[in-house]
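Presented below is the structure to which this report refers.
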Amino acid sequence: MLQFDVDANVRNSHGKGAARVLRSKGLTPAVLYGADVDPISLELETKSLTKTLLKINRRNAVIKLDVVEGEKKSTRHVLIKELQTNPINDVLLHADFCEVSLEKPIVLNVPINLIGKAKGVDLGGILEVSMLKVKMRGKILDFPDALNVDISGLAIDEGLTCKDLAVYADMELLADSDAPVVFVADPTRGKVEEEVVEEVKKGKKKA
């Protein structure tokens, strides 16, 4: 699992007007949610936070959030819950963080990363991808960034299912083991089926 350090300060100002003032100062308003605590309003340096988000690039990542409130400082481990951006210029407007336990299992969708080019595709086969992410359960720091799947050995009419995914022993895969992940289809099969359908239609018309 990717991990990043981010600094934040508790903010006491609220409302749209206060948020606009923060953004004019190069700060992003945010909220931290936790299971057993009230939400905490935060402000973060926009430039630094944006750089971190670009490194995460929509993948799962644990952020070690160092929260400063006056002379007090606490560390929270969080996931990004939601990001709000300006639809015109994509500037970050607001962030929501969700605090997570390092010891309690949670459920996340893990990206599936296909490696290589199937040999069946080189022979004219059509690559059919059925699954881009798979749901897994485990402790947050045990999650992989992605599940890498080598498809280079797949011939035409061959594929991989969830039981073929390499999952760490301390992680649980929450998907049907027979659920398809990727398959190399025979392009001639569709043509044969179309021809059969056409012949059936012609036979009905003659009858």
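Read-outs throughout are calculated quantities, based only on the coordinates presented, and are distinct from any laboratory measurement. Predicted model, so just to flag it, every value in this text is computed and none were measured. Neighbour counts run over all protein chains shown; Cβ positions are idealised from the backbone, glycine included.
Can you tell me the length gained on complete extension of the stretch Ala18 to Ala185, counting 0.36 nm per residue apart and subtracting the Cα distance?
Residue separation times 0.36 nm, minus the Cα-Cα distance, leaves 54.5 nm.
Please figure out what share of the DSSP beta bridges in the chain is antiparallel and state it in percent, rounded to the nearest 5.
Approximately 70 percent, going by the DSSP bridge assignments.
Go ahead and estimate [θ] at 222 nm for the chain from helices alone: -39,500 (n - 2.57) per DSSP H run with n ≥ 4, summed, over the residue count, rounded to 500.
-6500 deg cm²/dmol
For the range 106-192, just say rounded, prolate or oblate: build the C-alpha gyration tensor, square-root its eigenvalues into a ≥ b ≥ c, call rounded for a/c under 1.5, and beyond that prolate if a/b exceeds b/c, oblate if not.
It is prolate, given that a/c is not under 1.5 and a/b is the larger ratio.
By DSSP, what percent of the beta bridges with both residues in the range 106-192 are antiparallel, rounded to the nearest 5?
80
For Kirkwood radius over Cα pairs in Å, the listed values are [x] 20.7; [y] 17.8; [z] 17.0; which was obtained by calculation from the structure presented?
Looking at Kirkwood radius over Cα pairs in Å for this model, the match is [x].
Hey, rough spin-label estimate for Gln84 and Asp170, points 7 angstrom out along Cα→Cβ, what's it come to in nanometres?
Label at Gln84, label at Asp170, 3.8 nm between them.
Give the relative contact order (percent, whole number) for the chain; include only Cα pairs under 8 Å separated by 6+ residues.
Relative contact order, the chain: 17 percent.
Beyond a 19 Å Cα-Cα separation, which of these cross-linked pairs lie in this structure: Lys64/Lys104; Lys16/Lys51; Lys47/Lys72; Lys81/Lys135; Lys135/Lys163; Lys51/Lys81?
Result: Lys16/Lys51; Lys47/Lys72 exceed 19 Å.
Dipole of the chain, Cα-centred, from +1 at each Lys and Arg C-beta and -1 at each Asp and Glu C-beta, to the nearest 20 debye?
800
What does DSSP give for the range 2-99 in terms of the percent of beta bridges that are antiparallel, rounded to the nearest 5?
65
Can you list the GluC sites (Glu not before Pro) in the range 88-138 that are in a DSSP coil and have 16 or fewer other beta carbons within 10 angstrom?
In loop regions of the range 88-138 (DSSP not H, G, I, E or B), the sparsely surrounded GluC sites (Glu not before Pro) are Glu103.
Considering only DSSP states other than H, G, I, E and B, which trypsin sites (Lys or Arg not before Pro) in the range 1-35 qualify as loop sites with at most 14 other Cβ atoms within 10 Å?
Answer in residue order: Lys25.
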